[in-house]
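I have placed the structure first, in the form of structure tokens, so that the comments after it can refer back to it.
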Amino acid sequence: MKTFEKLIRKHIQGKKVLMLFILTNLVYVAMLTITIPMVMGFANGMKLLDMMPLGYDFEYVHELFRALGPKGRDVYFHNQIPLDMVYPALFAIGYSLVMGYFLNRLGKLQTPLIYLCLLPFVAGAADYAENIGIITLLNNYPEISKSTVTITSAFSFVKSMATTLYFVILISSLVMLGIGYLKK
């Protein structure tokens, strides 16, 4: 724990955390406003795999890829996926430091709560695994395997749950910090 704590403590300066937070969210906004709508323009109203927190099944993937057509699948592969290969690393590092910053402000950085800083890395790793699965599915379409869909869907679920848990804990930390300021 001491080594991890030292690493987090070394990088939780306000400006560094803020810059990583801004950069991470600029990439996220670019995906939400540019690349995802670009791909969804081919999807006939269907959600992209990246945007389905509870996962999906073989039939859904097959129907989505059919609806996207060759051009839509190409846009998914060459526009959305490359940006989504940058985002998980930024999310993992940036949001880990955000959590560390607020834990430090709460005086809880030197407790087992520091391991909460690992949640963004779990989400980021699951996002990379999801992306690799989507790449595999896109490359193999129309011959996609049910097991690849199942595994990719599981990683989508893990990514979503780790991200949700992270934000619930972060919001709770912010509330505790706010209560602490109001008590002063």
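Values in this text are rule-based calculations from the coordinates and carry no lab data. Nothing here was measured: the structure is a model prediction, and the numbers come from that model. As a convention, Cβ positions derive from the backbone with ideal geometry for all residues, glycine included, and neighbour counts pool all protein chains shown.
A straight chain from Lys184 to Val168 at 0.36 nm per residue would run longer than the Cα-Cα distance by 3.3 nm.
Neighbours of Asn131, meaning other residues whose beta-carbon lies under 14 angstrom from its beta-carbon, give a summed charge of -3 when Lys and Arg score +1 and Asp and Glu score -1. Kindly identify the stretch 18-112 as rounded, prolate or oblate by the Cα gyration tensor criterion: order the square roots of the eigenvalues as a ≥ b ≥ c, call it rounded if a/c is under 1.5, otherwise compare a/b with b/c, prolate if a/b is larger, else oblate. Prolate shape, in that a/c is at least 1.5 and a/b is the bigger ratio.
A cut-off under 13 angstrom between Cβ atoms defines the neighbours of Phe58, and their net charge, with Lys, Arg +1 and Asp, Glu -1, is -2. Note on the chain: helix-only mean residue ellipticity at 222 nm, from DSSP H runs of 4+ residues weighted -39500 (n - 2.57) and normalised by residue number, equals -25000 deg cm²/dmol. At an R0 of 30 angstrom, the distance between the Cβ atoms of Leu113 and Leu83 translates into a FRET efficiency of 0.40. With a cut-off of 12 Å on the backbone N, the residues of the stretch 55-89 near the modelled label site 7 Å out from Thr150 along Cα-Cβ are 58. Taking the Cβ of Thr163 as the center, what net charge do the other residues with Cβ under 13 Å away carry, scoring Lys and Arg +1 and Asp and Glu -1? Neighbour charge sum, excluding Thr163 itself: -2.
Rounded to the nearest 10 degrees, the inclination of helix 81-105 to the longest alpha-carbon principal axis of the chain is 20 degrees. Separation of the alpha carbons by more than 27 angstrom is noted, of Lys10/Lys108; Lys2/Lys184; Lys15/Lys184; Lys15/Lys47; Lys10/Lys183, for Lys2/Lys184; Lys15/Lys47; Lys10/Lys183. Taken over the chain, the convex hull of the Cα atoms encloses 121 Å³ per residue.
Each part gets one Cα centre, and for the stretch 88-114 versus the stretch 20-85 those centres are 29 Å apart.
With the Cα gyration tensor of the stretch 27-76 giving a ≥ b ≥ c as the square roots of its eigenvalues, does the rule (a/c under 1.5 for rounded; else a/b larger than b/c for prolate; else oblate) give rounded, prolate or oblate? Since a/c reaches 1.5 but b/c is at least a/b, the shape of the stretch 27-76 is classed as oblate. Pairs of Cα atoms nearer than 8 Å and 6+ residues apart set the relative contact order; for the chain it is 27 percent.
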